[in-house]
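Take a look at the structure set out below.
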Amino acid sequence: QVQLVESGGGLVQPGGSLRLSCAASGSVFSIDGMGWYRQGPGKQRESVGRITNSGLVNYSDSIKGRFTISIDSAKSTAYLQMNSLKPEDAAVYYCYALTQRETYWGEGTLVTVSS
């Protein structure tokens, strides 16, 4: 079992930055990679990107160049650095952890982008 706790969400003005964290606990040795999804109001959940334990990252086209995903394996924590935020980035952001058996999800953290 893997437990995930996100933090770092909040209110930010357009053009601002936020860094989300996703701390994993439990059977962290079984994690092959971590990533982020988001769901905006009235929208379907969409992928933001993910990172493997070896550091290979892929991003959704909608956030490429503005968001950066990183992982601190020693802390079993993944990060989502979000820059140049736009109103359309407002969403609940969920992190997930991939293992060979299943995917684990956090409960989400709310990001609001508004002036």
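The values are calculated or read from the model by the stated rules, or taken from the named source; none is laboratory data. Predicted, not measured: the structure shown is a model, and the values here were computed from it. For neighbour counting, all protein chains shown are included, and Cβ atoms are generated from backbone atoms with ideal geometry for every residue, glycine included. Ligands, DNA and RNA are excluded from the accessible area calculation, which covers all protein heavy atoms including side chains. Shrake-Rupley method; radii C 1.70, N 1.55, O 1.52, S 1.80 Å.
Figures for the structure shown
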quantity: Matching residues in region 6-49 - criterion: being over 11 Å from the mean Cα position of the chain (by Cα) and of a type in the set (A, V, I, L, M, F, W, C); calculated: Leu11, Val12, Leu18, Ala24, Val28, Phe29, Ile31
quantity: The lone exception for Tyr96 - which of (1) closer than 16 Å to Leu18 by Cβ; (2) open to solvent by less than 30 Å² (accessible area, probe 1.4 Å) it fails; calculated: (1)
quantity: Subset of region 20-33 [open to solvent by less than 20 Å² (accessible area, probe 1.4 Å) and either polar (S, T, N, Q) or under 23 Å from Gln100 (Cα atoms) (or both)]; calculated: Cys22, Ala24, Ile31, Gly33
quantity: Selection within region 43-87 - modelled with pLDDT under 95, acidic (Asp, Glu) and more than 23 Å from Gln1 (Cα to Cα); calculated: Asp61
quantity: Selection from region 74-91 of residues that are open to solvent by 40 Å² or more (accessible area, probe 1.4 Å) and either over 28 Å from Ser114 (Cα atoms) or part of a strand (DSSP E or B) (or both); calculated: Ala74, Lys75, Gln81
quantity: Residue in region 7-19 that is over 17 Å from Ser114 (Cα atoms), buried (at least 16 other Cβ atoms within 10 Å of the Cβ) and touching a Ser or Thr at 6+ places or on another chain (Cβ under 7 Å) present; calculated: no
quantity: Selected residue [over 14 Å from the mean Cα position of the chain (by Cα) and of a type in the set (Gly, Ala, Ser)] from Ser70, Ser76, Ser54, Ser60; calculated: Ser54
quantity: Residues located in region 64-81, provided they are out of contact with any Leu (no Cβ under 9 Å at 6 or more places or on another chain) and in contact (Cβ under 8 Å) with a residue 12 or more places away in the chain; calculated: Ile71, Ser73, Lys75, Ser76, Thr77
quantity: Selection count, region 34-64, where residues are on the phi > 0 side of the Ramachandran plot and open to solvent by less than 80 Å² (accessible area, probe 1.4 Å); calculated: 2
